[in-house]
1. Determine whether Gln227 is touching a strand residue (DSSP E or B) at 6+ places or on another chain (Cβ under 8 Å) and of a type in the set (S, T, N, Q).
2. Quick one: count up the residues across region 298-331 that are under 30 Å from Leu246 (Cα atoms) and surrounded by 20 or more Cβ atoms within 10 Å (Cβ to Cβ).
3. Looking for something among the hydroxyl-bearing types (Ser, Thr, Tyr), touching a Pro at 6+ places or on another chain (Cβ under 9 Å), over 16 Å from Val18 (Cα atoms) and modelled with pLDDT of 90 or more - is there at least one such residue anywhere in region 288-295?
4. Looking only at residues that are surrounded by fewer than 14 Cβ atoms within 10 Å (Cβ to Cβ) and among the β-branched types (Val, Ile, Thr) in region 88-118, which one is modelled with the lowest pLDDT?
5. Tell me, yes or no, whether region 276-296 has at least one residue that is free of Cβ contacts under 8 Å to residues at least 12 places away in the same chain, farther than 26 Å from Leu132 by Cα and not β-branched (Val, Ile, Thr).
6. Scan region 236-270 for residues that are of a type outside the set (S, T, N, Q) and free of Cβ contacts under 8 Å to residues at least 24 places away in the same chain and report the count.
7. Specify the residue that is surrounded by the most Cβ atoms within 10 Å (Cβ to Cβ); the eligible residues are those in region 138-173 that are in a loop (DSSP other than H, G, I, E, B) and aromatic (Phe, Trp, Tyr).
8. If the Cβ limit is 9 Å and pairs must be 6+ apart or interchain, which residue in region 305-328 that is at negative phi pairs with which residue that is among the acidic types (Asp, Glu)?
Amino acid sequence: METLWFCLVAIMIAGYVVLDGFDLGAGIVHFCVGRTESQRRRVLKAIGPVWDGNEVWLIAGGGTLYFAFPGLYSSSFSGFYLPLMIVLWLLILRGVAIEFRNHLDNAIWRPFFDALFMGASALLAVFYGAALGNVIRGVPLDPAGEFFLPLWTDFRVGSQPGILDWYTILVGLLAFATLTQHGALWIALKTEDILEHRARRVASAAWFAVIVLTLIVTGATLRIQPQVLSNLVNHPWGCVFPALALAGLSGVAFFLYHADHFKAFLGSCCYIVGMLTSAAFGVFPYVLPSSANPALGLTITNTATAPYGLKVALFWWIPGMLLVLGYSVFIYRHFAGKVRLEGETY
């Protein structure tokens, strides 16, 4: 049951990044592809019906983590208190920027909230990536399973690292490039004319950054986290996850060249799922490795709730997730197609 719930949490996190990732990416490229007020409104309309619904997956993932692995939840939420507060404020500011920008027709008001939307989206992408980097690298857990990390120390990977070091910053940059590509592909899929053309160019440029950073981060990960290589050697079937990421990245390039934005976007989704599942497979059975002493790492066994609780939770989780999936499918089908502002014709 612990392994099953580990897989379910990993899938939910991957689903959140795929869905809310293009929202964040749209914010990152907001100024780059939208040069006029009407163009920026179309960028926002491309995510408008779904952005807040996509964040439900973050809440659902957090709730699942809480009842499946309460030991991890209590340890990580106290140790990562500072970055979690930063992420919370960035999520709030991003939502405020989207909802408030149209309240006043003012030369200062709208550009201010547009800049806030872009800045919060960019910083969220970097912090999400840095968070993943911390999980892969490990944290200095004590025998009680507790830790605290400052925002940074000397930017080196060691027994007493900070939230930000050279490795987590690299992963943050990869996350930034990945979500830039992801969001640009969504904008290209949902818009027309000059917006579609600009978004396609941004996605093409981001693709090169993604492939370079993927190679660098993969090499760095194998160097600092031996558990990843050990799992690949002992379980070769796990190569299917990085293969999925590679296939997705190849698909993005191929379908972008042929201007098939829908399939290119699906390729980006495959890349994200492949990278996140590769990370989950790489650290298994750890849910939070220890950078000081591997024996102190938090695993699926020593952090999970009682087996009976996991069984009961599964009974309620299945219908709940079916409802969420059904709602998501309905919303995306209902708002499918290119976006247009009121009164626009082509």
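1. Yes: the conditions hold for Gln227.
2. Of the residues in region 298-331, 2 are under 30 Å from Leu246 (Cα atoms) and surrounded by 20 or more Cβ atoms within 10 Å (Cβ to Cβ).
3. No, that holds for no residue.
4. The qualifying residue modelled with the lowest pLDDT is Ile108.
5. No, that holds for no residue.
6. Let us first name the residues in region 236-270 that are of a type outside the set (S, T, N, Q), namely 236-249, 251-267, 269-270.
If we keep only those that are free of Cβ contacts under 8 Å to residues at least 24 places away in the same chain as well, we get 236-237, 239-240, 251, 254-255, 257-258, 260, 263, 266-267.
So the count comes out to 13.
7. Step one: of region 138-173, the residues in a loop (DSSP other than H, G, I, E, B) are 138, 140-151, 153-163, 165.
Keeping just the survivors that are aromatic (Phe, Trp, Tyr) gives 147-148, 155.
Details: Phe147: 21, Phe148: 12, Phe155: 13.
Among those that are in a loop (DSSP other than H, G, I, E, B) and aromatic (Phe, Trp, Tyr), it is Phe147.
8. Listed by first residue and then by second, the contacts come to Pro307/Glu2; Leu310/Glu2.
The values are calculated or read from the model by the stated rules, or taken from the named source; none is laboratory data. As the structure is a computational prediction, the values presented were derived from the model and not from experiment. Note that each Cβ is placed from the backbone with ideal geometry, even for glycine, and that neighbours are counted across all protein chains shown.
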